[in-house]
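Asks: Just passing along the structure, written as structure tokens.
The values are calculated or read from the model by the stated rules, or taken from the named source; none is laboratory data. Note that the coordinates shown come from a computational prediction; the quantities given were computed from them, not determined experimentally. Neighbour counts run over all protein chains shown; Cβ positions are idealised from the backbone, glycine included.
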Amino acid sequence: MRSVKAALGEGFPIVSIPAPVWDRFDALRRKHPPVPICPGIELSVVGTIIDTRTIDLEPYAPYRKIPGHFSPLPPKMGRDNPARVHIDGVVYCAVFNPYDARKNWFDMICGFGLALRDMPDATLVLKLTHDDRSTAMHAILEDLYKIPPFQCRVIMIHGYLSDGDYEKMVAASSYTVNTSRGEGQCLPLMEFMSAGRPGISPTHTAMADYITTDNAFVLESSLEAFHWPQDPRQAYRSRRHRLNFVTVLDAYRESYRVAKEEPERYARMSRQANLDLQRHCSRDVAEARLREFLEIDDANAPREPAVQNRSVA
């Protein structure tokens, strides 16, 4: 929004109205208050679950690749016999399309595997949203193989989660993670933070509107030359945000330490995430901004909520 205003001028008629997801996930927060360490939940998935505790990564080693052939993946499970997985400990969760090049999931999984390699109770849950599992899951498994041996756990979920199981996944999460090079909104990050789950995220593009050091472990980034995604020439006429990988490692380590040793700080960050997202993407905020933009003068119209004291001190 800030960059658009700067480019088009203050007089250009434009308003930024994020998707109003806060109300639904605030209700989930009230039903399942955030806790830094998940005591344990079970998810049922119509699709495929890959768990580094139970899968051998050796068949996915790069030197074993045969052009045009893939090592077999675990089977897709149906509605009559869904795949099940138990999740507990300090849980990090990310929901993303693995074929979206902005998402930069390599930094996410590599940083997790290196930073928390000796922590068996640390779990990274990757909920993949694309309908094609084959190429993406093989690519992620190949990158997991490249990480030095680790005791932490990575779970990939590809397939359908019912509303109840999606809410259970959010409820089980200690943190939500984003390592992208650019975002338009990042709905999953907004949803999890509305539910009071602190983030690990950069503050560029859309995240600049709601990520702070009070509600997230902030990742540093800098601009680098790149091409527009739709440009078949791949001419370097644009830029994207490149993460400082050291800050990814630091964020995982510090967030894990906070979850284990500073529950009071975790609780403050959780409350702040919920309050900041209320200001950003609640229904009241969306309606007030739309009425103002359309110049609807209604004395009974809802206004942007007066959020309580935002200090986390």
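Asks: Filtering the stretch 128-178 down to residues that are without any contact (Cβ under 8 Å) to a residue 12 or more places away in the chain and acidic (Asp, Glu), which residue is surrounded by the fewest Cβ atoms within 10 Å (Cβ to Cβ)?
Replies: Result: Asp163.
Asks: Do we have Val170 as at pLDDT 95 or above, among the β-branched types (Val, Ile, Thr), over 20 Å from Arg102 (Cβ atoms) and within 13 Å of the chain's Cα centre (by Cα) here? Full working, then the answer.
Replies: Details: at pLDDT 95 or above: yes; among the β-branched types (Val, Ile, Thr): yes; over 20 Å from Arg102 (Cβ atoms): yes; within 13 Å of the chain's Cα centre (by Cα): yes.
Against the criterion (at pLDDT 95 or above, among the β-branched types (Val, Ile, Thr), over 20 Å from Arg102 (Cβ atoms) and within 13 Å of the chain's Cα centre (by Cα)), Val170 qualifies.
Asks: Among what's in the stretch 222-239 and is of a type in the set (A, V, I, L, M) and in contact with a strand residue (DSSP E or B) (Cβ under 7 Å, 6 or more places away or on another chain), pick the residue that is nearest to Gly182 (Cα to Cα).
Replies: Within the stretch 222-239, the first condition is being of a type in the set (A, V, I, L, M), and the residues that meet it are 223, 225, 235.
Restricting the remaining residues to those that are in contact with a strand residue (DSSP E or B) (Cβ under 7 Å, 6 or more places away or on another chain) gives 223, 225.
Numbers: Leu223: 11, Ala225: 13 Å.
Within the stretch 222-239, the match that is nearest to Gly182 (Cα to Cα) is Leu223.
Asks: Only residues that are over 19 Å from Asn97 (Cβ atoms), touching a strand residue (DSSP E or B) at 6+ places or on another chain (Cβ under 7 Å) and hydroxyl-bearing (Ser, Thr, Tyr): list them for the stretch 174-202, please.
Replies: Of everything in the stretch 174-202, those that are over 19 Å from Asn97 (Cβ atoms), touching a strand residue (DSSP E or B) at 6+ places or on another chain (Cβ under 7 Å) and hydroxyl-bearing (Ser, Thr, Tyr) turn out to be Ser174, Tyr175.
Asks: Moving on to the next point. Being farther than 13 Å from Leu243 by Cβ and in contact with an Asp or Glu (Cβ under 9 Å, 6 or more places away or on another chain) is the filter here; which residues of the stretch 198-214 pass it? Don't jump to the end; show me each part of the working.
Replies: At the first step, the residues of the stretch 198-214 found to be farther than 13 Å from Leu243 by Cβ are 198-199, 206, 208-214.
Correct list: Ala206, Tyr210, Ile211, Thr212, Asp214.
Asks: If you don't mind, there's one more thing I want to ask. Among the residues of the stretch 52-64, write down those that are among the aromatic types (Phe, Trp, Tyr) and surrounded by 10 or more Cβ atoms within 10 Å (Cβ to Cβ). Steps first, answer last, please.
Replies: First, pick out the residues of the stretch 52-64 that are among the aromatic types (Phe, Trp, Tyr): 60, 63.
Hit for the stretch 52-64 is Tyr60, nothing else.
Asks: What's the total number of residues in the stretch 107-129 that are within 17 Å of the chain's Cα centre (by Cα) and at pLDDT 95 or above?
Replies: First pass over the stretch 107-129, keeping only residues within 17 Å of the chain's Cα centre (by Cα): 107-113, 122-129.
Among the residues that remain, those that are also at pLDDT 95 or above are: 107-113, 122-128.
Count: 14.
Asks: Continuing with the same structure: Enumerate the pairs (first residue in the stretch 1-22 and at pLDDT 80 or above; second residue anywhere and of a type in the set (Ser, Thr, Tyr) and surrounded by 10 or more Cβ atoms within 10 Å (Cβ to Cβ)) with beta-carbon separation below 8 Å, excluding pairs fewer than 6 apart on the same chain, so at least 6 apart or on different chains.
Replies: From residues that are at pLDDT 80 or above, the pairs are Pro20/Ser282; Val21/Ser194; Trp22/Ser194; Trp22/Ser282.
Asks: Looking at the stretch 137-149 only, could you name the residues that are assigned to a helix (DSSP H, G or I), within 17 Å of Leu249 (Cα to Cα) and of a type outside the set (A, V, I, L, M, F, W, C)? If you could, list the steps in order and put the result at the bottom.
Replies: To start, the set of residues in the stretch 137-149 that are assigned to a helix (DSSP H, G or I) comprises 137-146.
Checking the rest, the ones that are also within 17 Å of Leu249 (Cα to Cα) come to 143-144, 146.
Listed by number, the residues that qualify are Asp143, Lys146.
Asks: Quick check: anything in the stretch 65-83 touching a Ser or Thr at 6+ places or on another chain (Cβ under 8 Å), surrounded by fewer than 17 Cβ atoms within 10 Å (Cβ to Cβ), touching a residue at least 40 places away in the same chain (Cβ under 8 Å) and not polar (S, T, N, Q)?
Replies: The answer is yes; a qualifying residue exists.
Asks: Still on this structure, please answer the following. Being surrounded by fewer than 13 Cβ atoms within 10 Å (Cβ to Cβ) and either outside any strand (DSSP E or B) or under 26 Å from the mean Cα position of the chain (by Cα) (or both) is the requirement here; does Tyr256 meet it?
Replies: Details: surrounded by fewer than 13 Cβ atoms within 10 Å (Cβ to Cβ): no; either outside any strand (DSSP E or B) or under 26 Å from the mean Cα position of the chain (by Cα) (or both): yes.
It is false that Tyr256 is surrounded by fewer than 13 Cβ atoms within 10 Å (Cβ to Cβ) and either outside any strand (DSSP E or B) or under 26 Å from the mean Cα position of the chain (by Cα) (or both).
Asks: Would you call Phe112 of a type outside the set (S, T, N, Q) and under 21 Å from Ala259 (Cα atoms)? Walk me through it before giving the result.
Replies: Values: of a type outside the set (S, T, N, Q): yes; under 21 Å from Ala259 (Cα atoms): yes.
For Phe112, the condition - of a type outside the set (S, T, N, Q) and under 21 Å from Ala259 (Cα atoms) - is met.
Asks: Quick test for you: out of Val246, Val218, pick the one residue that is closer than 23 Å to Pro188 by Cβ and of a type outside the set (S, T, N, Q). Don't jump to the end; show me each part of the working.
Replies: Numbers: Val246 fails: closer than 23 Å to Pro188 by Cβ.
After applying the criteria, what remains is Val218.
Asks: If Asn244 satisfies all but one of (1) more than 27 Å from Leu116 (Cβ to Cβ); (2) free of Cβ contacts under 8 Å to residues at least 60 places away in the same chain, what's the number of the condition it fails?
Replies: Result: Asn244 passes all but (1).
Asks: Check Ile49 against each of (1) more than 13 Å from Arg133 (Cβ to Cβ); (2) of a type outside the set (Gly, Ala, Ser); (3) surrounded by 17 or more Cβ atoms within 10 Å (Cβ to Cβ); (4) modelled with pLDDT of 95 or more and name the one condition it does not meet.
Replies: Ile49 satisfies all of (1) more than 13 Å from Arg133 (Cβ to Cβ); (2) of a type outside the set (Gly, Ala, Ser); (3) surrounded by 17 or more Cβ atoms within 10 Å (Cβ to Cβ); (4) modelled with pLDDT of 95 or more except (1).
Let's see how each residue does on (1) over 15 Å from the mean Cα position of the chain (by Cα); (2) at pLDDT 95 or above; (3) not in a loop (DSSP other than H, G, I, E, B):
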site	(1), (2), (3)
Asp131	yes, no, no
Gln151	yes, yes, no
Ile155	no, yes, yes
Tyr166	no, yes, yes
Phe192	no, yes, yes
Met207	no, yes, yes
Asp214	yes, yes, no
Phe217	no, yes, yes
